[in-house]
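The values are calculated or read from the model by the stated rules, or taken from the named source; none is laboratory data. All figures in this text were calculated on a predicted structure; none of them were measured in a lab. Using ideal geometry, Cβ is built from the backbone for each residue, glycine included, and neighbour counts are taken over all protein chains shown.
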Amino acid sequence: MVIGVLALQGAFIEHENMLHTLGVSCIELRNAEDLKKKYDGIILPGGESTVQRKLLYGLGMHSTLQQQIQNGIPVLATCAGMILLASQIEQQDTPCFATIPMTVRRNAYGRQLGSFHTVSTVKHVGTVPMTFIRAPYVTKAEPSVELLASVDDKIVGVQYGRQLAFAFHPELDESTRIHQYFMKLIEERQSQQPV
């Protein structure tokens with residue numbers, strides 16, 4: 001199993017460290033050429049979604065990654081990654097990949113509560129620590145989107161097919177449960193594909 005980690009900006013190193021802890025190989029996706037390599041899943045890390053979006057288009061990576069996601073490659077998106085997957089972003093005209101039918105609010109917790117830590121339950125995963133850094137949350141989701149986690153009545157985790165999107169940063173805490181669940185989705189897809 002090899003995971004492609006989008007490495008344009010943001011907390012990609014932390015995801016790579018988490019994968020190494022789990023004994024999983026990863027490659028960094030930095031340009032259009034990297035998207036020709038073989039990988040079984042994609043991680044879209046936290047960071048600055050507008051910067052990442054600009055780089056995805058500028059480096060010619062957007063349409064290929066969007067197609068891979070639409071074709072069912074498993075994705076783990078955290079914080080800014082959640083924004084990249086959303087079909088609608090409040091007070092913003094153009095989404096990025098738009099592969100999950102949901103609306104998100106950027107920097108939803110405001111500057112004062114820009115960062116906080118809690119512990120809560122994620123469906124299919126269990127209780128996990130959650131670190132939020134100027135995080136978004138989901139304000140609306142289509143019925144086809146499975147709600148995985150809420151904090152203070154705000155949706156902070158969803159699953160749509162093999163796409164996982166979380167408002168928090170599981171790569172910054174010791175628990176590996178979120179990444180293990182992501183691995184499980186990859187293994188399920190691999191088992192369904194013809195050899």
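Numbers below:
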read-out	value
Selection within the stretch 47-85 - without any contact (Cβ under 8 Å) to a residue 60 or more places away in the chain and outside any helix (DSSP H, G or I)	Gly47, Glu48, Leu59, Gly60, Met61, Asn71
Any hit, the stretch 106-114, residues being within 19 Å of Val156 (Cβ to Cβ) and in contact (Cβ under 8 Å) with a residue 40 or more places away in the chain	yes
Those residues of the stretch 146-194 which are surrounded by fewer than 15 Cβ atoms within 10 Å (Cβ to Cβ) and small (Gly, Ala, Ser), in sequence order	Ser191
Residues located in the stretch 97-111, provided they are modelled with pLDDT under 95 and either part of a loop (DSSP other than H, G, I, E, B) or in contact with a His (Cβ under 9 Å, 6 or more places away or on another chain) (or both)	Arg106, Asn107, Ala108, Tyr109, Gly110, Arg111
Enumeration of residues in the stretch 6-46 that are outside any loop (DSSP other than H, G, I, E, B), closer than 23 Å to Arg189 by Cβ and among the hydrophobic types (A, V, I, L, M, F, W, C)	Leu6, Phe12, Met18, Leu19, Cys26, Ile27, Leu29, Leu35, Ile42, Ile43, Leu44
Residue count for the stretch 129-139, restricted to those that are surrounded by fewer than 21 Cβ atoms within 10 Å (Cβ to Cβ) and within 17 Å of Ser49 (Cβ to Cβ)	3
Residue match in the stretch 13-27 (condition: among the aliphatic types (A, V, I, L, M), farther than 22 Å from Phe168 by Cα and surrounded by 17 or more Cβ atoms within 10 Å (Cβ to Cβ))	no
Among (1) within 15 Å of the chain's Cα centre (by Cα); (2) on the phi > 0 side of the Ramachandran plot - the single one Val104 does not satisfy	(2)
Some residue of the stretch 148-161 being out of contact with any strand residue (DSSP E or B) (no Cβ under 8 Å at 6 or more places or on another chain), at pLDDT below 95 and not aromatic (Phe, Trp, Tyr)	yes
Which numbered condition Val51 fails, given (1) among the aliphatic types (A, V, I, L, M); (2) under 27 Å from Gln180 (Cα atoms); (3) surrounded by fewer than 23 Cβ atoms within 10 Å (Cβ to Cβ); (4) at pLDDT below 95	(2)
Test for Glu142: is it among the charged types (D, E, K, R) and surrounded by 21 or more Cβ atoms within 10 Å (Cβ to Cβ)	no
Filter pass, Thr78 being surrounded by 23 or more Cβ atoms within 10 Å (Cβ to Cβ) and of a type in the set (Ser, Thr, Tyr)	yes
Residue list for the stretch 151-180, filter: without any contact (Cβ under 8 Å) to a residue 60 or more places away in the chain and either assigned to a loop (DSSP other than H, G, I, E, B) or touching a Cys at 6+ places or on another chain (Cβ under 7 Å) (or both)	Asp152, Asp153, Asp173, Glu174, Ser175
